[in-house]
Amino acid sequence: MEVALFESPPLPFSVMANPAANLNAVRETMEVLFEISRILNTGLDMETLSICVRLCEQGINPEALSAVIKELRKATEALKAAENMTS
């Protein structure tokens, strides 16, 4: 069985020539994504959103990631409720 290897496309010259501009573009993109996330009331902070974006960029299925986040929130709520009952 042959495994296909995927290479990242080469960076455009403009990105390599001006990494500061690329950093600003990434920052602006994350700010827009965070604003959309806030409007949609996802409850994600900037760090968590950034991690989710990086995971999606690495090929993680966004719907599966969303399901995992929802399950983790349910589990957290259940643990907090159980803790409150024992206190």
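The values are calculated or read from the model by the stated rules, or taken from the named source; none is laboratory data. Remember, it's a predicted structure, so these values are computed and weren't measured experimentally. All Cβ positions, glycine included, derive from the backbone under ideal geometry; neighbour counts span all protein chains shown. Just so you know, the surface numbers come from the protein's heavy atoms only, side chains and all, with ligands and any DNA or RNA stripped out. Shrake-Rupley method; radii C 1.70, N 1.55, O 1.52, S 1.80 Å.
Among all residue pairs at least 6 apart or on different chains, which show Cβ distances below 9 Å where the first residue, located in segment 67-87, is closer than 19 Å to G43 by Cα and open to solvent by less than 100 Å² (accessible area, probe 1.4 Å) and the second is in a helix (DSSP H, G or I) and at pLDDT 95 or above?
Pairs found: I69/T48; I69/C52.
Name the pairs: first residue in segment 36-64 and at pLDDT 95 or above, second residue open to solvent by less than 100 Å² (accessible area, probe 1.4 Å) and among the polar types (S, T, N, Q), Cβ to Cβ under 8 Å, at least 6 apart or on different chains?
From segment 36-64, the pairs are L44/S37; L49/S37; L49/T42.
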